[in-house]
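Some notes on the structure that comes next.
FYI, it's all coordinate maths here, none of it is from the lab. Since this is a predicted model, take the numbers as computed values, not measurements. Neighbour counts are summed over all protein chains in view; Cβ atoms, including those assigned to glycine, are modelled from backbone coordinates with ideal geometry.
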Amino acid sequence: MSVVCLDRSASVEDILSVLRRDGVAVIRNIATPETMDRLLADITPLLDEEEPGGGEFFGHRSKRIGGIVSRTPVFSELIVDPLLLALADAVLLPNCETYQIPLSGLVQVWKGGEKQPLHRDTVGYDPYLKLGPGVPEIVLSAMWAVSDFSADNGATRFARGSHLWEPERKAGDADIVQAVMPRGSVALWLGATLHGMSVNHTDTPRTGMVSGYCVGWLRQEENQYVVCPPDVAVTLPEKVQQLIGYRAHSPRLGWVEGRDSELLLRRGDREYQSYLETPLVANQS
Ligand SMILES: O=C(O)CCC(=O)C(=O)O
C-alpha cells in the first residue's frame, strides 16, 4: 500500500489533515525533473566516490552524502518552496518562534541489503520521545524523490498512524505504507512517525534528498555550522542562512553579540567582516 498522495495544487489544510491522520503525506511533482537533473549533476561526482555501505541501521547498501546545502544550490531552492514553508509554519510555529533545518542530505539505495529498522526522527530527543503521543510537534521531515520511488526500488516505508502510538508499540505488516512517488515529489512526515528505508530489488539506484524543518530551539541532527561554516553560509540566500541556523531564536538562544538576530551573517556586513578577521582567542600562550 502507498502513502496518500496529493497534488501540489492541494490546499495546506488538505495536506495537513492527511499528515495529522496518517503521520505522513506525499505531495506529487513539487519540483521539475530538470531541477532533479541539476541536483544529480552536482552530487553525482560525490556519490561516485562512495561504495554502498552503511551497516545494520542503514541497510548495508546505501550511499549517503551530508551537508548538501553547501554542495548544490538546488537544495536552497527546494527548501524554501512556499507550500512547504506554509506547512512548516502550520506544524511548527505553534511551538517555536522560528524553525530551522535538521540536516541536508542525499540517500541513495542500491540493490540488495536489508530493510532499515523503523525509527522516529525524534529518537535523539529521548526524554521527549518517551512522553508519547500528544506532545507539541518539533520535527517535520521531508524526502524529495530525486529518482522515482517505487515499491520495488526501496521507497521509504512508514507505519501509518504511528505518530499517535505509545512509544513501545511495534508496527505490523498491515501498518506499513510506502512512499511510492514520481521523481520531483516530496514525502513529508511528523517527527514521531515510524519509518525506514526499504530494500531496492532493482538494478537502478533509488535516490532521495532528505531534510525538513524543526523548531528553532532544538539541537539539529546534523551540525550545520560544521557542514556549512560562516564563509560558505554567507554566500547563500538570507532565508537559507536563517534555515541553516544562522539566526537567533528568542529568547536567548544562538545569539552573537551585537548582530541583527535575524541576519547573523550579511554579505559585506562590516560586523561580519570584522568577526572573520578577529581571532576568536587573542594572545593565547
Ligand atoms: O532513505 C530512506 O528511505 C529513509 C532514510 C532514513 O529514514 C534514515 O536514514 O534515517
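List of remarks:
- Spin-label proximity, His201 to the stretch 149-173 - amide N less than 12 Å from point 7 Å beyond Cα toward beta carbon: 151-155
- Three-way shape label, the stretch 5-222, alpha-carbon gyration tensor, a/c 1.5: rounded
- Dipole orientation for the stretch 5-222: of the candidates Thr193, Thr35, Ala155, Thr193 has the Cα lying most toward the positive pole (charges on Cβ; Lys, Arg +1; Asp, Glu -1).
- Trypsin sites (Lys or Arg not before Pro) restricted to the stretch 112-180 and DSSP loop, no more than 16 other C-beta within 10 Å: Lys115, Lys130, Arg169, Lys170
- Sites Ala41 and Asn95, calculated FRET efficiency, Cβ-Cβ separation with R0 45 Å, nearest 0.05: 0.75
- With Cα atoms, 0 to 90° folded angle of helix 12-22 axis to the chain main axis: 60 degrees
- Global geometry of the stretch 97-140, whether rounded, prolate or oblate, following the gyration tensor of its Cα atoms and the 1.5 cut on a/c: oblate
- Anchor Lys111: lysines whose Cα lies under 20 Å away (excluding residues fewer than 8 positions away in-chain): Lys63
- The chymotrypsin sites (Phe, Trp or Tyr not before Pro) found in the stretch 205-262 that occupy coil by DSSP, while having at most 14 further C-beta atoms within 10 Å, are Trp255.
- Anchor Lys130: lysines whose Cα lies under 26 Å away (excluding residues fewer than 8 positions away in-chain): Lys115, Lys170
- Under the combined filter of DSSP loop state and at most 14 neighbouring Cβ atoms within 10 Å, the stretch 57-128 retains none of its chymotrypsin sites (Phe, Trp or Tyr not before Pro).
- Computed label-point distance, nm, for sites Lys115 and Ala174 using a 7 Å Cα→Cβ extension: 1.6 nm
- Unit charges on C-beta of K, R, D, E only; dipole of the chain, Debye: 360 debye
- Across the stretch 93-108, rounded Karplus estimates of 3J(HN,Hα) from the backbone phi angles (6.51 cos²θ - 1.76 cosθ + 1.60, θ = phi - 60°) give 4, x, 10, 7, 8, 9, 10, 9, 9, x, 6, 9, x, 10, 10, 10 Hz, Gly and Pro being marked x.
- Relative to the dominant Cα principal axis of the chain, helix 33-48 is inclined by about 80°.
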